[in-house]
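What follows is a short report on a single structure.
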Amino acid sequence: MALRSTAGHRKGKGAAASSSAALVHVARAVAAFRAGRPVAISGSAGVLALAVETAPDRALKTLLAGRKPAVLVLTHARARTLKIRVYTPDVVALPLPRDAQMAKLRAIADPTKDLAEPMKGPFEPVRGRISENLALAVRLAKLSGLLPAVVAAQGASAPNNAARIRAKDIAAYDEESARTLSIVTRASVPLEGAEQAELVAFRSGVVGPEHYAVVINAPSAQKPVLTRLHSECFTGDLLGSLKCDCGAQLRGAIRTISKAGGGVLLYLAQEGRGIGLVNKLRAYRLQDQGFDTMEANERLGFEPDERLYAIAAKMLKLLGYRSVRLLTNNPAKIGALKSRGIRVAERVAHAFPDNPHNRHYLQAKARAGHLL
C-alpha cells in the first residue's frame, strides 16, 4: 500500500511527540513518484530516478538528454522472468538508448503486458559495479505502491520539481516505522461474535499507513495471549472474494478468539502480501493466465512475500503483551515475532475449507511452507 502523508493532522492521545524525519522525507518522495516527478537520492553516489509506471515521456526525455547515461532498473525477480542475466546485487541495470520511450519501458516492467508485447530484448545488463542507490530507488517505488521499476541516472542534475531524499532515509524506513509507532486512539467497537471488543489505532509519527488491533475481552498479559496477525485484504475481507481465504480467516479468528475468552487480532496494512492492492489485482490477472500467487508476485518483480512483522511485534509490546499463542499456519510469522522479542508459546492451527476458486491458491501456500 502506498504511504499516505498526514502532515498537519492533529495527533491523537499517545501519538509520538515528533515524527521521524526519515519517514517524512520518504512520504514526500513517494508523493513525487506517484505524481510522475523525479526523485534525487543523495549518498555516496547520487541518483536521479523516475518511476516507470507514472513518469511522463517529457520527464524521461529530459533525463536521457543529460550528460549521464540512464538505465532501466529492475529487480532480480523481474529479470529472471525476462531471462536477463544477473551480474549485480539486488537489482539489474539496463542501459537505455537516447530515444527510449516510456510505453516500451512499461511493457518491460509490467508482466500483464507480456502476452500483448512478447518480443522484448535482447537485454545486455550492466556487469560492473552499480550504485546501491539504484536498489533504494526501486525500494521507493515499492513503498509508493507502484511497479518495482525505475529509470535512473547516476550523478545527474536534479530539476527544480524533483523531490530530494537521502539514501539512508529510504534504507531506514522499515526500522523507523516500527521504532516510532505509537497508539493514536482506541475505542469500544462491538463486533458480531465479539461484543466486548476494542479497536486500537496505531501510526508511525505523522505518516501512514495506519495499523489496527482488535482487542477482545481485554485479555491479561500474565499468560500468553491468543493472537492473530492478519494482513488487510480488501477483496477478501470486505467484498467476500472467493479467490483467497482471507475473509474466512479474519472472521474465523474473531470467533475463535472470542470463544477462547479473549485475545488480540492485529490488522496490518500489508495488502497482497505487502505489494498493495493495485499490484495484487495485476497478480490476479497473471493468476488467470495460469501462474500461482507466488509466481505472479515474482513476475511483477516482487518477492513471493514482501510482508514485514517488526510493526506487529511493536504493536503487541505497546498493548502490553510479550508472550502469545499464535493463531497461524505460517511458520514465517513465528520466526519474525521471536526475532523481535515476542515469545511464541504455541502455534494454534487456523485453516478453513477450500472452494473451487481458491483451491490452487491454498495449494501454492502449502508449497510455500504454510501448514495446511
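Checking residue 54 against (1) part of a loop (DSSP other than H, G, I, E, B); (2) at pLDDT 95 or above; (3) crowded, with 20+ Cβ neighbours inside 10 Å: exactly one of these is not met. Which one? Going through (1) part of a loop (DSSP other than H, G, I, E, B); (2) at pLDDT 95 or above; (3) crowded, with 20+ Cβ neighbours inside 10 Å one by one, residue 54 breaks only (3).
Does residue 82 satisfy being under 23 Å from residue 274 (Cβ atoms) and free of Cβ contacts under 8 Å to residues at least 60 places away in the same chain?
Details: under 23 Å from residue 274 (Cβ atoms): yes; free of Cβ contacts under 8 Å to residues at least 60 places away in the same chain: yes.
Answer is yes for this residue.
Looking at residue 74, is it in a strand (DSSP E or B), under 19 Å from residue 279 (Cβ atoms) and at pLDDT 95 or above? Yes: the conditions hold for residue 74. Any chance the stretch 307-329 includes a residue that's closer than 25 Å to residue 241 by Cα, surrounded by fewer than 21 Cβ atoms within 10 Å (Cβ to Cβ) and under 19 Å from the mean Cα position of the chain (by Cα)? Within the stretch 307-329, one or more residues are closer than 25 Å to residue 241 by Cα, surrounded by fewer than 21 Cβ atoms within 10 Å (Cβ to Cβ) and under 19 Å from the mean Cα position of the chain (by Cα). The residue that is surrounded by the fewest Cβ atoms within 10 Å (Cβ to Cβ), among those in the stretch 57-84 that are out of contact with any helix residue (DSSP H, G or I) (no Cβ under 8 Å at 6 or more places or on another chain) and among the charged types (D, E, K, R), is 67. Scanning the stretch 197-248 for residues that are more than 24 Å from residue 348 (Cα to Cα), part of a strand (DSSP E or B) and not aromatic (Phe, Trp, Tyr) yields a total of 7. Selection of the stretch 149-182 for residues being of a type in the set (Val, Ile, Thr) and outside any helix (DSSP H, G or I) yields 150, 151, 165, 180. The single condition among (1) outside any loop (DSSP other than H, G, I, E, B); (2) of a type outside the set (Ser, Thr, Tyr); (3) in contact with a Phe, Trp or Tyr (Cβ under 7 Å, 6 or more places away or on another chain) that residue 146 does not meet is (1). Among residues of the stretch 98-109 that are over 10 Å from residue 72 (Cβ atoms), those with a beta-carbon under 9 Å from a residue that is acidic (Asp, Glu) and in a helix (DSSP H, G or I) at least six positions away or on a different chain give the pairs 101/57; 102/57; 103/57.
The values are calculated or read from the model by the stated rules, or taken from the named source; none is laboratory data. Treat the numbers as computed from the prediction; the structure is a model and nothing was measured. When we count neighbours, we look across all protein chains shown, and the Cβ atoms used for this are built from the backbone with ideal geometry, even at glycine.
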